[in-house]
Amino acid sequence: MLSFSNLPPEILLKIVSLLELHDVARIRQSCKRLQVISQDRSVWDALLAKQRLKYPVPPWLNPASSSSVPLSSVDLERAVLATHRVAQAWPQARPVPFRVQPRQGDMLLWLEIFIDRWLLVVYAEGLAYLWDTVSDPMAPPGSLSTNSRIRICAKLVDEHENRARWTSCAAQVSDGGEKLIVLLNMRPTTKPYCCVYEVALKANSSFKLLTSVRLNEPEIIRTISFHDNILLLSRGSAINLVDISNKPSRDILVLSPYSDDLEDMWNATLELRVFHRYVFVFKARSFEVHSLDSLLNTTQHEITATPISQHLFQNTTFREVKVSNPTQPTVAVGDIFDIQFQVFAYDVLQGLFHYSIRFQALPEQPPHFTITLPGIYPLTAQLASHYSRLLPEPDLLTPSPTPTNEARHAFRSVMNPSSRGFVSAYAVGSQGRRAVWVERIRGSTTREVHVWSRPGTTDDETIPGEPPKEIERIPVFSIASPDLRGESMPLFVILKLNQAEDITRCALSESMGLIVLGNRAGELFMLDVDA
């Protein structure tokens, strides 16, 4: 009788390619022939394809990514195993974090990880650092991963005589994926200005100044459109487009058609993103989409632009918004442009809101988008019964499908008391598959680090009529302040020491599981998974 191991190699290879990772690990221990079969590259290509459906994988393992690199069979197997270990350890308790010594600055302004590897740290006093956070199991071929988490790849020091204070920062990876463009707002004694730097994403790099642009008013830098050489800034609810290709630069101030002084105060712009030829504007109480070409084609200095699509959020005033990268290519196929991304919005009084947003621009049809609310992490005992229906104002919008989900009776009247606190910092992964936030329990100095993951790649659309789900609370690390009550020091000194330890910034490498925390005193802590 023919045994399983005596089957033709092509049949064995087909069977083994259908197995899960733990089955492949078992079957390779049965005999030498199956061990050789299990080492074939096609087996691990199939396992990696399955992982992409369940977990975030490093961008350099995605063939569609500009940062992808060819892998040998050994490197591929190592990466698949590391991805599995990170996924298993992601919701588990973290070991003691690595504390970066010495401290690099005093006032932490910006903290973010790009391509799940490159950490940008910016301090308001005029310091910027680029770190390589790659770990050995996940390292792409040719990278120097030994002691990489204590290696600085580039450093920027503002050595101006009257050192300007950096007031805002933004950064994004260039179209080729090889450089990071860093935008820094300066506010000296005279008029404010914005500096545009670039730094190569590699070891032993340096920051290079590309241009410096004077600004008419103090504004918050948000993003840049490489194709148009346009800086996008915000002031209140208005956005400002600065053309840096012209000398002198041309400013276009874009106002909302219904904005007044009071609305401008409550509906401030929180985030700007440019996807293809559209500007996505995230505000405290609304979400808008503008045509970039329409904004740039104006000859006026100040315009009142009606968005081509918009949603108004009811019963919320968001203070901060975090946006993932689009999960689909941001390049139009023919006349069709279709993207989807994840958004975490924070309302100080009510909690974190996870939105899934899909935007479509179809031929001979008005562009429109669909917003669903898959989950809420509540920070209050009760929510309004008709909470955030996400209904748009029909007289302000082009036709757009109305989301069917409501938060009607979203939660029970009594919530878990331990979930009541406030979020001091949070981050969402670039793929929108994982998120992290730091919560401080009310009435306590304890800070808890919570993690979240979105299983699978299916859309996060809720069933029509079903309320959003409560986001599961998964604490993985607790930060306790030192008990200073027995110390003989003034109360204001004790409060100052406690405030200095507040976590104000965090960054996430979702495929590697690395969480970077920054406190008010400018210290950095790297919280890794125990894989």
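The values are calculated or read from the model by the stated rules, or taken from the named source; none is laboratory data. These figures come from a predicted structure and were not determined experimentally. Positions of Cβ are generated from backbone atoms using ideal geometry, with glycine treated the same way; all protein chains shown enter the neighbour counts. SASA here: full protein model, heavy atoms, side chains in, ligands and nucleic acids out. Shrake-Rupley method; radii C 1.70, N 1.55, O 1.52, S 1.80 Å.
In the range 235-282, which residue that is outside any helix (DSSP H, G or I), among the acidic types (Asp, Glu) and at pLDDT below 90 is farthest from the chain's Cα centre (by Cα)? Steps first, answer last, please.
Of all residues in the range 235-282, those outside any helix (DSSP H, G or I) come to 235-260, 267-282.
Still in the list and also among the acidic types (Asp, Glu): 243, 251, 260, 271.
Filter again for at pLDDT below 90, leaving 243, 251, 260.
Details: ASP243: 26, ASP251: 29, ASP260: 31 Å.
Among those residues, the one meeting the criterion is ASP260.
Select from the range 66-116 the residues that are β-branched (Val, Ile, Thr), touching a helix residue (DSSP H, G or I) at 6+ places or on another chain (Cβ under 8 Å) and under 18 Å from LEU130 (Cβ atoms) and list them in ascending order. Matches in the range 66-116: VAL100, ILE115.
Considering only the range 1-60, state which residues are aromatic (Phe, Trp, Tyr) and open to solvent by 30 Å² or more (accessible area, probe 1.4 Å).
We begin by selecting, within the range 1-60, every residue aromatic (Phe, Trp, Tyr); these are 4, 44, 55, 60.
Within the range 1-60, PHE4, TYR55 meet the criteria.
Residue check: is THR211 under 25 Å from ASN297 (Cβ atoms) and surrounded by fewer than 18 Cβ atoms within 10 Å (Cβ to Cβ)? For THR211, the condition - under 25 Å from ASN297 (Cβ atoms) and surrounded by fewer than 18 Cβ atoms within 10 Å (Cβ to Cβ) - is met. Within the span defined as the range 439-462, one or more residues are at pLDDT below 85, within 22 Å of THR327 (Cβ to Cβ), open to solvent by 40 Å² or more (accessible area, probe 1.4 Å) and out of contact with any Ser or Thr (no Cβ under 9 Å at 6 or more places or on another chain). Looking across the range 201-230, the residues that are over 24 Å from LEU253 (Cβ atoms) and either among the hydroxyl-bearing types (Ser, Thr, Tyr) or touching a residue at least 40 places away in the same chain (Cβ under 8 Å) (or both) come down to LEU201, LYS202, ALA203, ASN204, SER205, SER206, PHE207.
Among the conditions (1) among the small types (Gly, Ala, Ser); (2) at pLDDT below 85; (3) in contact with a Cys (Cβ under 6 Å, 6 or more places away or on another chain), ALA425 misses just one, which is (2). Contact map, the range 35-50: residues that are free of Cβ contacts under 8 Å to residues at least 12 places away in the same chain paired with residues that are surrounded by 19 or more Cβ atoms within 10 Å (Cβ to Cβ), Cβ distance under 7 Å, separation 6+ or inter-chain. No pairs are found. Which residues, taken from the range 89-101, are open to solvent by less than 60 Å² (accessible area, probe 1.4 Å), among the hydrophobic types (A, V, I, L, M, F, W, C) and part of a loop (DSSP other than H, G, I, E, B)? Those that are open to solvent by less than 60 Å² (accessible area, probe 1.4 Å), among the hydrophobic types (A, V, I, L, M, F, W, C) and part of a loop (DSSP other than H, G, I, E, B): TRP90, VAL100.
Per the listing PHE318, PHE275, PHE280, the residue uniquely crowded, with 22+ Cβ neighbours inside 10 Å, over 22 Å from LEU215 (Cβ atoms) and in contact (Cβ under 8 Å) with a residue 60 or more places away in the chain is PHE280.
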